[in-house]
Amino acid sequence: MAKARAELVDGVYEHLVTDELAARIAAVLDTRTVEQDELDAGDAHVVLAQHLAHEFLRVLDDVPRSERPAGQIELANRVLASIGADDIRSVVVGSRIAAPGRVLKAIHAGAAPIRPETPLSQSTLLTRNRAEPALGHELAREVACADRIDALIAFVTMSGVRALRDSLDAVARRPGGVRMRLLTTVFTGTTQVEALAYLARLPGVEVRVSYDTQRTRLHAKAWMFWREGGLHTAYVGSANLTSTALGSGQEWMVKLCAADLAHVVEKIDATFETLWNDPEFERFDPDNPEHETRL
């Protein structure tokens, strides 16, 4: 489970409440609405294990290089031995779990923020199963609670934009704004100029297009949602930004959470930055007729 930043900013959360976090929550209670859920018995083992794994990883990383790996092995064995003990004394300061067991869900001054139905701290796979939320519905909710958005989508159509329009319009009007970067392509001629024009005219949105249909042939589909609270998420899979893909299409999308797969999210981020700065992708200007004719 993710660690909260030093200061508790408004937004969605999914943090196990430790003694340290409980004190920081208390400091904002007079000015903010704080939502917390009781730790669910059904997945408490996952939440607690994530917390312990995060703390233990940090402790192991603090072992001096001159004492590795022997010092790390000794520490690991001590922890393993303590698991079966009646009294576990080796607790990281501030990381003892606050009774009775709560999970911080949101902090806000006004209306409660919209959040995805799937967890923000546990990676999963969306396959259009009846028990799962529709992809378009879930992406709209991810957009609604993001502070920054990056998207790499081969094909963008107006029908797909309409599926997310309410959320995109709402974040564009948010005080302070939300930056969104979109990379797309004209490969196969599917991407529609009206869709790119609509997006490019939204405050904070920049669109870049690859016009190469021979060499690049970008076919990737990925979304990245960045949050000030640290609960970044990414979606990678088969769905383009079309109404079929986001609704009735048999698409598979992996949701990757920085809370449990940080290294994968970091790689996605680095790859996107490389592509964003590649001259192959040119800035799209909705008011430039030449750009329209190239699509």
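The values are calculated or read from the model by the stated rules, or taken from the named source; none is laboratory data. The model shown is predicted, which means the values in this text are computed figures rather than measured ones. So basically every Cβ, Gly included, is an ideal-geometry build from the backbone, and we count neighbours across all protein chains shown.
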_Can you pull out every residue in segment 92-133 that is among the small types (Gly, Ala, Ser), surrounded by fewer than 16 Cβ atoms within 10 Å (Cβ to Cβ) and either within 18 Å of the chain's Cα centre (by Cα) or farther than 30 Å from Leu60 by Cβ (or both)?_
Ala109, Gly110, Ala111, Ala112, Ala131
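Can you find even one residue in segment 194-210 that is within 23 Å of the chain's Cα centre (by Cα), aliphatic (A, V, I, L, M) and within 21 Å of Leu126 (Cβ to Cβ)? Outline the logic, then answer.
Initial filter on segment 194-210 (within 23 Å of the chain's Cα centre (by Cα)): 199-200, 202-208.
Among the residues that remain, those that are also aliphatic (A, V, I, L, M) are: 199-200, 202, 205, 207.
Keeping just the survivors that are within 21 Å of Leu126 (Cβ to Cβ) gives none.
The answer is no; no qualifying residue exists.
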_I need the full set of residues from segment 4-40 which are free of Cβ contacts under 8 Å to residues at least 40 places away in the same chain, surrounded by 13 or more Cβ atoms within 10 Å (Cβ to Cβ) and within 20 Å of the chain's Cα centre (by Cα), in order please._
none
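Would segment 213-220 turn up any residue that is surrounded by fewer than 19 Cβ atoms within 10 Å (Cβ to Cβ) and of a type in the set (D, E, K, R)? It would help to see each step written out before you state the result.
Restricting attention to segment 213-220, the residues satisfying the condition of being surrounded by fewer than 19 Cβ atoms within 10 Å (Cβ to Cβ) are 213-217, 219-220.
The next check asks that each one be of a type in the set (D, E, K, R); those that pass are 215, 217.
There is at least one residue in segment 213-220 that is surrounded by fewer than 19 Cβ atoms within 10 Å (Cβ to Cβ) and of a type in the set (D, E, K, R).
Given the criteria touching a helix residue (DSSP H, G or I) at 6+ places or on another chain (Cβ under 8 Å) and either surrounded by fewer than 20 Cβ atoms within 10 Å (Cβ to Cβ) or of a type in the set (A, V, I, L, M) (or both), does Glu206 qualify? Can you show your working first?
Numbers: touching a helix residue (DSSP H, G or I) at 6+ places or on another chain (Cβ under 8 Å): yes; either surrounded by fewer than 20 Cβ atoms within 10 Å (Cβ to Cβ) or of a type in the set (A, V, I, L, M) (or both): yes.
Criteria met by Glu206.
Taking the conditions exactly as written (in contact (Cβ under 8 Å) with a residue 60 or more places away in the chain, under 15 Å from Leu126 (Cβ atoms) and not acidic (Asp, Glu)), does Met224 satisfy them or not? Spell out how you get there, then give the answer.
Numbers: in contact (Cβ under 8 Å) with a residue 60 or more places away in the chain: yes; under 15 Å from Leu126 (Cβ atoms): no; not acidic (Asp, Glu): yes.
Judged against the criteria, Met224 is not a match.
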*Any chance you could count how many residues in segment 237-262 are within 14 Å of Gln122 (Cα to Cα) and either at pLDDT below 95 or part of a helix (DSSP H, G or I) (or both)?*
5
